[in-house]
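Comments concern the structure below.
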Ligand SMILES: Nc1nc2c(ncn2[C@@H]2O[C@H](COP(=O)(O)OP(=O)(O)OP(=O)(O)O)[C@@H](O)[C@H]2O)c(=O)[nH]1
């Protein structure tokens, strides 16, 4: 299956939900205020968020025809969602020099961090970058095991320390090793215990301090991994991590397992942070930079172009 087909398949539940919520609205006699309000409500109920839903409503209100058919509505929806997504759809750039370019990956447990690191590493390797993975989540032995499995699967070395050890120390060793072996990118897995937020933030600050001593520009990216199935909660996580952890970009995962994919649009509109990639499955090839137009069409339930 091509990426576009998988993308469309991944967003199917979301597209069905959007279509269900809009059912009946296009057959009304006139595009009056009450219909426009119902459309806005339907979009909010589809997780697109109040700002984006209002913006789309305004665009629909500007249409000249009195009666919108379903296809027409989908097509305006796709155009407007694309306008919201396009400014934030930015592929990750590996620019860090001297090497390695350091990517910190953060997010709460279970958001899909480790899987995302595996997929990201595979994709970077396909682009001919040498990748080293650092197991900075020293709190859970299972996290290290999982990272090693991904490392073996995609042929990327993994640097780790003792369970319960110092994450910043592993990151330090990671930069040293990548420099010695000439790897281009160091991707760091981190612990995700939000319940112990102060400690977590202290640990991230320490990692940053240690990195800064080796290269003032590192980390070059701080990526927050969000689980789309958690809906509004994912937005709350951006707020929690954005300032305290210096998030530079987002990756949204599990868009395939949910009807709540509209949250991607809400996040784009609300935060304006770059969204570097989206995950639409558990396999190594299920993460790609996202194409605003293709995603917008998938959410609106239109076929790939
Ligand atoms: N359907 C689907 N599942 C995903 C996706 N990304 C990750 N998963 C699954 O989500 C679960 C959690 O992913 P992990 O990568 O372990 O998440 P984590 O944030 O590292 O969690 P901890 O290891 O608990 O810190 C796993 O079963 C993954 O296979 C995705 O895009 N789609």
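The values are calculated or read from the model by the stated rules, or taken from the named source; none is laboratory data. Everything quoted here is computed from the prediction, not taken from an experiment. Backbone-built Cβ (ideal geometry, glycine too); neighbour counts: all protein chains shown.
Residues in region 255-276 that are crowded, with 24+ Cβ neighbours inside 10 Å and within 13 Å of the ligand (Cβ to nearest atom) were compared, and the one that is nearest to residue 235 (Cα to Cα) is 264.
Residue 226 meets the conditions (1) crowded, with 21+ Cβ neighbours inside 10 Å; (2) away from the ligand (no atom under 12 Å from the Cβ); (3) within 30 Å of residue 49 (Cα to Cα) in every case but one. The failed one is (2).
If only residues of region 96-115 that are more than 20 Å from the chain's Cα centre (by Cα) and touching a residue at least 24 places away in the same chain (Cβ under 8 Å) are counted, the one that is farthest from residue 253 (Cα to Cα) is 98.
Out of all the residues in region 246-257, is one or more within 20 Å of residue 104 (Cα to Cα), assigned to a helix (DSSP H, G or I) and without any contact (Cβ under 8 Å) to a residue 40 or more places away in the chain? The answer is no, given that none of the residues of region 246-257 is within 20 Å of residue 104 (Cα to Cα), assigned to a helix (DSSP H, G or I) and without any contact (Cβ under 8 Å) to a residue 40 or more places away in the chain. In the set 202, 217, 239, only one residue is more than 16 Å from the ligand (Cβ to nearest atom), part of a loop (DSSP other than H, G, I, E, B) and surrounded by fewer than 22 Cβ atoms within 10 Å (Cβ to Cβ); that residue is 217.
Collect the residues in region 66-94 that are under 20 Å from the mean Cα position of the chain (by Cα) and either at pLDDT below 95 or outside any helix (DSSP H, G or I) (or both), keeping them in residue-number order. Of everything in region 66-94, those that are under 20 Å from the mean Cα position of the chain (by Cα) and either at pLDDT below 95 or outside any helix (DSSP H, G or I) (or both) turn out to be 89, 90, 91, 92, 93, 94.
Conditions (1) surrounded by 14 or more Cβ atoms within 10 Å (Cβ to Cβ); (2) in contact with a helix residue (DSSP H, G or I) (Cβ under 9 Å, 6 or more places away or on another chain), marked per residue:
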| site | (1), (2) |
| --- | --- |
| 76 | yes, yes |
| 92 | yes, yes |
| 97 | no, no |
| 115 | yes, yes |
| 135 | yes, yes |
| 143 | yes, yes |
| 149 | no, yes |
| 156 | yes, yes |
